[in-house]
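To start, the structure itself, in structure tokens.
Since every read-out is calculated from the coordinates, none of them should be taken as a lab result. Computed from a prediction, not measured in an experiment: that's the story for all the values here. For neighbour counting, all protein chains shown are included, and Cβ atoms are generated from backbone atoms with ideal geometry for every residue, glycine included.
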Amino acid sequence: MVLKLYTDPDVGGGPAIVGLTLVEKHVPYEHVPVNIDAKEHKTPEYMAKHPFGQVPMIDDDGFIVYESRAICRYILEKYPNQGPELLPKGLKERTLVEQAAAVEYATFTPALLPVLKEVRPKRLRGEPVDQAVLDEALKELSAKLDVYEVILSKQKFLAGDEFSFADLCHYAYAPLLLTIGGIDIMTSKGPNVTRWWNELISRPTWVKLKEEGFKSTVS
């Protein structure tokens, strides 16, 4: 049976990195739309598979996995010889990727989310943001990007000179800073962060996913 990806249609958050992983690794999948507004993710049938009632979730021939980064790792481990090697086999190389991925999850994203929390709902409702709150959140995110600038001055990507799972994880929320928040901090911090981020958002697989959305690759 073909892998099934359960998620809402929006290419953002955890579903974005799962969809991108599937595209990068050339894995056929069936997109099963989940209507969040209709609370389809809170139905007894859905929650029998995902007890927290969230998206994304995959069903790989009866094997259920939720939490986006766990799903991505599962796909990368199952299909190591398809597409780019986003999780290296070598111990040291793999450790550097996991280190950078941990930084994204535990340091970068916690600094980014308060920015989105302040701007996203208010911009959608046409309300003014609290500039003091936003400035404080941006100051924290800026400090993390200053460290990224140092790291990226020594190598092309966050875990070395090859695009990896650690870079891929940043597609979850960082693109929303500009598309939803109108905040261009990712290309205004320093030349190395700018170079890195421009390369990420122009990556053909990402451009394709953004243009086409989650598209079943099987009939």
Practice task
May I ask for the distance between the Cα centers of the stretch 156-215 and the stretch 1-37, given as a whole number of Å?
Solution key: 18
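Would you please name the trypsin sites (Lys or Arg not before Pro) within the stretch 41-70 that are DSSP coil residues with at most 14 other C-beta atoms within 10 Å of their C-beta?
Working: sites: Lys42, Lys49, Arg69; in loops: Lys49.
Taking the stretch 41-70 and a limit of 14 other Cβ atoms within 10 Å, the loop trypsin sites (Lys or Arg not before Pro) found are Lys49.
Taking 0.36 nm per intervening residue step and subtracting the Cα-Cα distance, what contour gain separates Glu211 from Lys92 on full extension?
On the way: separation 119, 0.36 × 119 = 42.84 nm, distance 3.60 nm.
Extending this stretch completely gives an extra 39.2 nm.
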Problem - Cβ-placed point charges (K, R +1; D, E -1), dipole of the chain about Cα centre in debye, nearest 20 - result: 140
Exercise for the section: Would you grab the residues whose amide H sits under 5 Å from the one on Met57? Only those 5+ places off in sequence or on another chain, please, with H modelled 1.01 Å from N. Expected result: Tyr6
Problem - Listed residues Tyr6, Ser202, Gly213: farthest to the positive end of the dipole of the chain (Cβ charges) - result: Ser202
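What pairs in Lys25/Lys156; Lys42/Lys156; Lys117/Lys189; Lys78/Lys139; Lys89/Lys208 have C-alpha atoms more than 30 Å from each other? Walk me through the intermediate numbers first.
On the way: Lys25/Lys156 21 Å; Lys42/Lys156 42 Å; Lys117/Lys189 21 Å; Lys78/Lys139 40 Å; Lys89/Lys208 28 Å.
Distance filter (> 30 Å) returns Lys42/Lys156; Lys78/Lys139.
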Exercise for the section: Please list, in chain and number order, the residues 5+ apart from His31 or on another chain whose amide H is under 5 Å from its amide H, with Hs placed from the backbone. Expected result: Leu5, Ser216, Thr217
Completion exercise
Diffing the stretch 122-128: the Karplus 3J(HN,Hα) column from phi (6.51, -1.76, 1.60, θ = phi - 60°), in whole Hz with x for Gly and Pro, holds 6, 5, 5, 8, x, 9, x
Exercise for the section: Please work out whether the chain counts as rounded, prolate or oblate from its C-alpha gyration tensor, where a ≥ b ≥ c are the square roots of the eigenvalues and a/c under 1.5 means rounded, while otherwise a/b larger than b/c means prolate and anything else oblate? Expected result: oblate
Problem - Estimated dipole of the stretch 91-203 in Debye, rounded to 20 [Cβ of Lys and Arg +1, of Asp and Glu -1, Cα centre] - result: 180
Exercise for the section: Using only the Cα atoms of the stretch 91-203, each taken as one equal point scatterer with no solvent, compute I(q) by the Debye sum, divide by I(0), and report log10 of the ratio at q = 0.18 Å⁻¹. Expected result: -0.88
Problem - For the stretch 90-97, 3J(HN,Hα) per residue [Karplus equation, 6.51 cos²θ - 1.76 cosθ + 1.60, θ = phi - 60°, Hz, x = Gly/Pro] - result: x, 4, 5, 5, 5, 5, 5, 5
Practice task
Pop the C-beta distance of Asn81 and Glu136 into the FRET formula with R0 = 35 Å and round what comes out to the nearest 0.05.
Solution key: 0.15
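Please tell me the relative contact order of the chain in percent, rounded to the nearest whole number, where contacts are Cα pairs under 8 Å and at least six residues apart. Let's see the in-between values first.
Working: 284 pairs, mean separation 57.9, N = 219.
Rounded, it is 26 percent for the chain.
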Practice task
Determine ³J(HN,Hα), in whole Hz, for all residues of the stretch 138-146 in sequence, where each value follows from phi through the Karplus function 6.51 cos²θ - 1.76 cosθ + 1.60 and θ = phi - 60°; x replaces Gly and Pro.
Solution key: 5, 4, 5, 5, 4, 5, 5, 5, 4
Practice task
Determine the dipole magnitude for the stretch 36-84: charges of +1 sit on the beta-carbon of Lys and Arg, -1 on that of Asp and Glu, nothing else is charged, the reference point is the Cα centre, and the result goes in debye to the nearest 20.
Solution key: 180
Exercise for the section: State the extension gain, in nm to one decimal, for the chain segment bounded by Asn198 and Glu149, taking 0.36 nm per residue of separation less the distance between their alpha-carbons. Expected result: 16.3 nm
Handout entry: Model label zone, Asp161; criterion: amide N under 17 Å from point 7 Å along Cα-to-beta-carbon; scope the stretch 190-209
Key = 196
